[in-house]
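A quick write-up on the structure given underneath.
The values are calculated or read from the model by the stated rules, or taken from the named source; none is laboratory data. Keep in mind that what you see is a predicted model, and the values were worked out from it rather than measured. As a convention, Cβ positions derive from the backbone with ideal geometry for all residues, glycine included, and neighbour counts pool all protein chains shown. We work out accessible area using only protein heavy atoms, side chains counted, and drop any ligands, DNA or RNA first. Shrake-Rupley method; radii C 1.70, N 1.55, O 1.52, S 1.80 Å.
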Amino acid sequence: MTPSQSSDATTEKTAQIEPEEIIIPPWDLWSDEPPLESDRHRDQIELLLACLKWWWRERTDFYATGNLTIYFSPDHITTRDFRGPDFFVVLGVENRPRKSWVLWAEQGKYPNVIIELLSDSTAKVDRGDKKTLYQDTFRTPEYFWFHPDTLEFQGFCLVRGEYQPLESNQQGWLWSQQLQLFLGVHQSTLRFFSSEGQLVLTPAERAELAQQQAEAAQQQAEAAQQQVELERQQRELAQQRVEELLAKLKELGIDSDTEN
């Protein structure tokens, strides 16, 4: 083969090699979660979200949501092997609305905290497959579950790659290091408590409390005013009795100013 023929062969071979296509996985994906088990499950999720968002109302570095799909692998879009925790929080991200949580669009960030609401049909998966997934794949630092009907409540923290049960305090609450809040059962619902033991209220509860405090303050003001009026009436009555006594002494010819 002459140098010219060799050059032509190389050129022809190079021309047959097409550049490898770069496939960019979709990132603007809608959530694909089934309906919630019951109204109680939905109300519990909304309660947790309302409380945490109010507590962190000055923060912009977190994302909290519920019953939203987490897409953690492009291949799982077609195999439908994705997960949608009932409630989860991601720290260190922009606080803005999303259609779903797409891992490759969020710098690979997994949730810092996940809470699953158990039901008779999902409890086995929540205690088993999901716990393993959140431990081994998500590496989520804290995982909790709560059963709205039986009030079963348990939490785990990731220690050296494995979930270890969290120990409860005297009230039965579990401390979340990630949220810097306690989680505990209060009036048959899962609630947040501050490190000082203060119940984290919803905006509606705070409005009701403010109304109650305003009414109590009004009642106290009215009671104080009534006390002032009562004291005024007592002074007038005392003065009237003194005047009646002086008048009686005068009738008897006794001068109240006469010294003994």
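Would you mind telling me which numbered condition in (1) at negative phi; (2) open to solvent by 40 Å² or more (accessible area, probe 1.4 Å) T69 fails?
Result: T69 passes all but (2).
Let's see how each residue does on (1) under 28 Å from P111 (Cα atoms); (2) at pLDDT 95 or above; (3) of a type in the set (A, V, I, L, M, F, W, C):
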position	(1), (2), (3)
R160	yes, yes, no
S168	yes, yes, no
A224	no, no, yes
Q234	no, no, no
Q239	no, no, no
E259	no, no, no
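Answer yes or no as to whether S100 is open to solvent by less than 50 Å² (accessible area, probe 1.4 Å), among the polar types (S, T, N, Q) and in contact with a helix residue (DSSP H, G or I) (Cβ under 9 Å, 6 or more places away or on another chain).
no
Collect the residues in segment 31-45 that are open to solvent by less than 80 Å² (accessible area, probe 1.4 Å), modelled with pLDDT of 75 or more and of a type outside the set (S, T, Y), keeping them in residue-number order.
L36, H41, D43, Q44, I45
May I ask you to list the residues in segment 151-187 that are touching a helix residue (DSSP H, G or I) at 6+ places or on another chain (Cβ under 9 Å) and not in a strand (DSSP E or B)?
Listed by number, the residues that qualify are E152, G161, L179.
Does segment 72-95 hold any residues that are exposed (fewer than 13 other Cβ atoms within 10 Å of the Cβ) and modelled with pLDDT of 95 or more, and which are they?
Those that are exposed (fewer than 13 other Cβ atoms within 10 Å of the Cβ) and modelled with pLDDT of 95 or more: G92, E94.
Answer yes or no as to whether P26 is without any contact (Cβ under 8 Å) to a residue 12 or more places away in the chain and part of a loop (DSSP other than H, G, I, E, B).
The answer is no for P26.
Within the bounds of segment 59-73, is there any residue that is outside any helix (DSSP H, G or I), within 12 Å of the chain's Cα centre (by Cα) and hydroxyl-bearing (S, T, Y)?
yes
Kindly evaluate S168 against the criterion of being within 25 Å of D126 (Cα to Cα), surrounded by fewer than 19 Cβ atoms within 10 Å (Cβ to Cβ) and touching a strand residue (DSSP E or B) at 6+ places or on another chain (Cβ under 6 Å).
So S168 fits the description; yes.
Within segment 81-99, can one find any residue that is closer than 22 Å to T137 by Cα, over 11 Å from the mean Cα position of the chain (by Cα) and of a type in the set (D, E)?
yes
Residue by residue through segment 113-136, note down the ones that are assigned to a loop (DSSP other than H, G, I, E, B) and surrounded by fewer than 21 Cβ atoms within 10 Å (Cβ to Cβ).
Passing the criteria: S119, D120, S121, T122, G128.
Checking E196 against (1) under 17 Å from V113 (Cβ atoms); (2) without any contact (Cβ under 8 Å) to a residue 24 or more places away in the chain, which single condition isn't satisfied?
The failed condition is (1).
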